[in-house]
1. First obtain the Kirkwood hydrodynamic radius of region 27-66 from its Cα pairs, then insert it into the Stokes-Einstein equation at 10 °C and 1.306 mPa s, and state the resulting D in µm² per second as a whole number.
2. What FRET efficiency do you get for Arg87 and Gln44 if R0 is 25 Å and r is their Cβ-Cβ distance, rounded to the nearest 0.05?
3. Distance between the C-alpha centers of region 64-116 and region 1-63? Whole Å please.
4. Round to a whole number: what % of the accessible area of the chain belongs to carbon and sulfur, probe 1.4 Å?
5. Tell me which residues come under 5 Å, amide H to amide H, from Val48 once H is placed; ignore anything under 5 positions away on its chain.
6. Under the rule of at least 5 residues apart or a separate chain, name every residue whose amide H is placed under 5 Å from the amide H of Gly109.
7. Per residue of region 30-37, in order, report the coupling 6.51 cos²θ - 1.76 cosθ + 1.60 (Karplus, θ = phi - 60°) as ³J(HN,Hα) in whole Hz, putting x for Gly and Pro.
8. Take the alpha carbon gyration tensor of region 44-93, find the square roots of its eigenvalues, order them as a ≥ b ≥ c, and report rounded if a/c is under 1.5; if not, report prolate when a/b exceeds b/c, else oblate.
Amino acid sequence: QVQLVESGGGLVQIGGSLRLSCAVSIGIFSFNQMGWYRQAPGNQRELVATITVLGGNTNYADSVKGRFTISRDVAKNTVYLQMNSLRPEDTAVYSCNAFGPRVSYWGQGTQVTVSS
């Protein structure tokens, strides 16, 4: 059973920073892509950022470009999301995803709350 365990969420003030981690129970080279997604109350889950495992190519939602950075450490089987200049609209449950080939696994999520 593949497990993805997120950590690093919490309560932060506007303009603050958080670093999320996603620890994967198997080598992340088993997957094509790792990603972070978020879901706020009443909203659908949306993509935040993705990174290809082999090439490290990244993709970001327009709303987080220039503020968030996704990275991976293949030796530690861990994916990170560095979040800077946080805004109230970033408040959500952030979940990690491991994708492909022919599989998709999700973590349980970690809550991020940005308050004034």
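1. Values: Rh = 11.2 Å.
For the chosen part, D equals 142 µm²/s.
2. Numbers: r = 19 Å, r/R0 = 0.76.
Taking R0 as 25 Å, the efficiency between Arg87 and Gln44 is 0.85.
3. 2
4. On the way: 2840 of 6160 Å².
Carbon plus sulfur share of accessible area: 46 percent.
5. Sorted by chain and number, the residues that satisfy this are Trp36, Tyr37, Arg38.
6. Close amide H contacts, sequence-distant or interchain: Glu6, Cys96.
7. These are the phi-based 3J(HN,Hα) values: 5, 10, 7, 8, 10, x, 10, 10 Hz.
8. Numbers: a/c = 1.99, a/b = 1.84, b/c = 1.09.
The shape class here is prolate.
The values are calculated or read from the model by the stated rules, or taken from the named source; none is laboratory data. Being a predicted model, the structure only gives us computed values, none of them experimental. No Cβ is skipped: glycine too gets one built from the backbone with ideal geometry, and neighbour counts run over all protein chains shown. Only protein heavy atoms, including side chains, enter the accessible area calculation; ligands, DNA and RNA are left aside. Shrake-Rupley method; radii C 1.70, N 1.55, O 1.52, S 1.80 Å.
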